[in-house]
Amino acid sequence: MWAYFERILDSSMFSPHGICLLWEPELIWLHVISDAFIAAAYFSIPFALAILVTKRRDLKFGWVFWAFAVFIMACGLTHVLSIYTLWVPVYGIEGLVKAATAVASVFTAGALWPLLPKILTIPSPFELRKVQAALEEEEIKSRDAAQLLRQVEDAQRALRESMTRLTAVVDTAVDGVILFDAQARILLFNPASERLFGYRADEVMNLDIGMLMSNEKRPSSPGQARRLATGEAVGVRKDGSTFPMDLSVGQAWQDGELIYVGIVRDLTARKLTEQQLQQAQKMETVGQLSGGIAHDFNNLLTVIIGNAEHLSEQLKSRSDLRQFAYDICQSGERGAELTRRLLAFSRRQLLQPQTIDCRELLESIFKLLKRTLRENIEIKTAFGPRAIQAFADRAQLESAVLNLALNAQDAMPSGGHLTLSTELAAIDEDYRALHPEVAAGSYALISVTDDGEGMTPEVIEHAFEPFFTTKEVGKGSGLGLSMVYGFAKQSDGHVSIYSERGLGTTVRIYLPRAGGQSLTEPPENEEAAPRGYETILIAEDDPFVRSSAIRRVEALGYRVVAAVNGKEALQRLRTDPGIDMLFTDIIMPGGMSGWDLAEQARRIRPSLPILFTSGYALEALIEQGRAQAQAIILTKPYRRAELAQRLRDAFAAATVTS
């Protein structure tokens, strides 16, 4: 092999190529210049390809460019050798270069044809422009889609914010909000509705809304939901009790279906206020009428008494006729006394208010009553530790207490106990809600309590009306309590009756305290009132008192279960093991009193704390054997702080006992 290359590379036997051209200068230089330019062009092409491949790393088939560069470089070298062989016969080297060039050519051509289909798939400039245009259009669409997406997100966020605000409004609304469909099925039941009706939202969802109303307003068929009229109706609570409500129904479209929105407002407080206002207006009207009659009647009595006295003077010699004149005069005096009581009721009498020591006044009346009332009536007084001073007309106050004592004597035909007491009392906004005619604040309280026959609710309702009496004809004028009522009102005070049949009667006179207008004690720290978390069963037959008690107990943090009588209270006690205390009124309808309820409740739950409430004095209840001395009783009316303290006292007492 080496000898072969030596023989090929040996140029001693060859002649230069210029000899073939006869050393013609023009012809030789034509070849030189042409081959030089061809070689220079060939040599420049590989450099251009090397720069291209180096700079454009993303080009496909880069190795083809390198192979083509080698092929071109070899071609250029053959032309350089063609120039060189014009003078030097190195035909062996030229042949080897041409052989290398041939190999490179064959390899390049052989590699190029299989790659041709792939090279043809490379996009042309026209196709690239089309693709670029499509990409630009797609980019525009993408921007539009992104903008639309942002708009949708903004709309969804606005919808969520709107729903959040709407939910907050519905959940915090004072009135009940109930959403229902055309078939009267409940779709929404806000917290205020839960408080009004006693149901949880999940208990009434998809049920007929008619279950919340009395039969008068209840739709007779599911399709009659649209007939629910706006106006007053009677609501039915979960426990079966009813309450007046104002129902306002509107309609709207949701997803192509008609839905209804009911707004429910509890009218219990308003109805009570209306009743109180009507009663006050009635009493005011009767007072104005009786006052006008009393004034005119006084004029007639003046003439009658004056003429009777004059006639008596003229008939000194006729004792038989003079007695008639005396009887006329006495009857006129009795008529004058009646008119004075009418004037007291109508609040048209002239009062002379002054500072009164209530304790001293009751002690003086006590001495008078000891000599006046029957011997089978035991009288006693009950005073607090502090001096109580009222600002009122002393004579009228004495007359009022005496009238109440005499009425109490009539209520105890077989004898009994009469208690005169005085203390400081406060009327708060809860009590004022039941009696809007009285101002909230601190008062001097005088109470007259008996354990006589008591009054029925019907008698209490008319007790203050002039000439109303339950006594036989000729045994009472019916002006005693009306005079007390008029005196208290004219003195900027208040009077209340608490009485139960067979238990007795307590009449309370609230009078302004002495010392000017700033007479109220420092307000109680309501925030400091003890709170709790337990569940309390409230048994109270009066719907207004029950509603007020539920609201006040819940405000102290407790959970409340309500019952309208003893039978229902026992049923709830058996079915609800979570009840921690019984808070019951003493006198309830249905044949079961608070005492009976407490006794049966203790059989079910021996350690159950029990708090009683009554408008009757605890001392009188104990004396009659109707309560044990250790019983915890909250006297009506009571303030929030008193209620809070008594509840904790009952829990504490039950803990000590157990």
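The values are calculated or read from the model by the stated rules, or taken from the named source; none is laboratory data. Just so you know, these numbers come straight off a predicted model, no measurement behind them. Cβ placement follows ideal geometry from the backbone for every residue including glycine, while neighbour counts extend to all protein chains displayed. Keep in mind that these areas ignore ligands, DNA and RNA; they rest on the heavy atoms of the full protein, side chains included. Shrake-Rupley method; radii C 1.70, N 1.55, O 1.52, S 1.80 Å.
For this structure, a couple of remarks:
- For Leu166 and Phe544, the FRET efficiency from 1/(1 + (r/R0)^6), where r spans their Cβ atoms and R0 equals 45 Å, is about 0.85.
- Heavy-atom accessible area with a 1.4 Å probe sorts Ser331, Ser193, Ser317, largest first, into Ser317, Ser331, Ser193.
- Here r is the Cβ-Cβ distance between Ser44 and Trp23 and R0 is 45 Å; the resulting FRET efficiency, rounded to 0.05, is 0.90.
- Ordered from highest to lowest accessible area with the whole protein assembly present and a 1.4 Å probe, Thr456, Thr172, Thr613 read as Thr172, Thr456, Thr613.
- Surface composition of region 545-613: carbon and sulfur atoms hold 50% of the protein heavy-atom accessible area at a 1.4 Å probe.
- One decimal place: the segment Gln151-Ala99 gains 11.5 nm when fully extended, by the rule 0.36 nm per residue minus the C-alpha distance.
- Going by accessible surface with a 1.4 Å probe and the largest first, Tyr260, Tyr533 read Tyr533, Tyr260.
- A Förster radius of 41 Å combined with the Cβ-Cβ distance from Glu138 to Glu203 puts the calculated FRET efficiency at roughly 0.15.
- Normalised contact order of region 355-444, rounded percent, pairs of Cα under 8 Å and 6 or more residues apart: 35 percent
- Under 19 Å from the Met211 label point (7 Å along Cα→beta-carbon), backbone N, region 545-566: 562
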